[in-house]
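Chemist: This is the structure I have questions about; it appears just below.
Bear in mind these aren't lab numbers, they're just calculated from the coordinates by the rules spelled out. Owing to the predicted nature of the structure, the values given are computational and were not obtained by experimental measurement. Cβ: placed from backbone, ideal geometry, glycine included. Neighbour counts: every protein chain shown.
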Amino acid sequence: MLNDEHSISTGSGFRPGRLNGGSHLATSYNDIYDRAIFRFADYDFLKLDIESREDILEKYLHSAVADVSVIVEAGTLDIDDDNREFVGDIDNEVQEILALGIDYYWLSAKVQNSELLRNSLSTKDFTYFSPANLMRELINLRNDVKNEYRSAITFYSYNHGDFESLKN
């Protein structure tokens with residue numbers, strides 16, 4: 001886990017509301033965020049206040065949940081945005097896939113912002129203000145993460161899917 005200065009979570013390991021009625025564990029959004037941030041470590045992003053970081057990451061998390069919800073058991077990814085947690089406990093494999101999804105959507109936003117910048121500047125200005133290969137490398141990285149993300153989803157569905165239901 002990242003230190004308090006750069007982490008979304010409190011860093012203490014204790015999250016209020018984590019126990020639901022004393023018998024049901026819920027996975028905190030922060031558990032997923034910490035995994036995602038570890039991967040992309042954008043220091044400008046980490047300079048944002050915690051509330052802003054959580055708002056941004058929550059949007060990316062919702063996109064990842066939409067992607068992954070089709071391969072997990074119904075109800076597994078039910079969310080409680082008020083408490084910033086999932087209703088149930090999510091296994092490590094699904095947490096990793098969701099974190100990878102956040103990374104993919106974060107990189108997609110970076111690529112889109114870079115493309116907007118390039119479109120607003122002349123070719124000469126764009127070449128002057130940015131390294132020639134920076135955008136190409138960012139796009140390649142995003143595509144690599146997308147492939148890893150899609151592969152993780154596919155692998156999970158093969159390992160945990162109900163193939164008997166496909167016969168009917």
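Chemist: So for each of 91-98, 48-55 I average, over its residues, the number of other beta carbons within 10 Å; can you give me the resulting order with the highest mean first? Intermediate results must be reported in sequence, preceding the final value.
Modeler: Values: 91-98: 18.2, 48-55: 12.5.
Highest to lowest by the protection proxy: 91-98, 48-55.
Chemist: I want to check the label-to-label distance for residue 69 and residue 25. Put each point 7 Å from Cα in the C-beta direction and report it in nm to one decimal.
Modeler: Result for the modelled spin labels: 2.4 nm.
Chemist: Once you have the Cα-Cα distance between residue 148 and residue 44, take 0.36 nm times their residue separation minus that, and quote the gain in nm to one decimal.
Modeler: 35.0 nm
Chemist: Continuing with the same structure: Roughly speaking, what is the stretch gain from residue 91 to residue 109, that is 0.36 nm per residue apart minus the C-alpha to C-alpha distance, in nm to one decimal?
Modeler: Full-extension gain reported as 3.7 nm.
Chemist: For each of 154, 27, count neighbouring Cβ atoms within 10 Å of the residue's Cβ, then give the residues from fewest to most.
Modeler: Ordered from fewest to most neighbouring Cβ atoms within 10 Å, 154, 27 come out as 154, 27.
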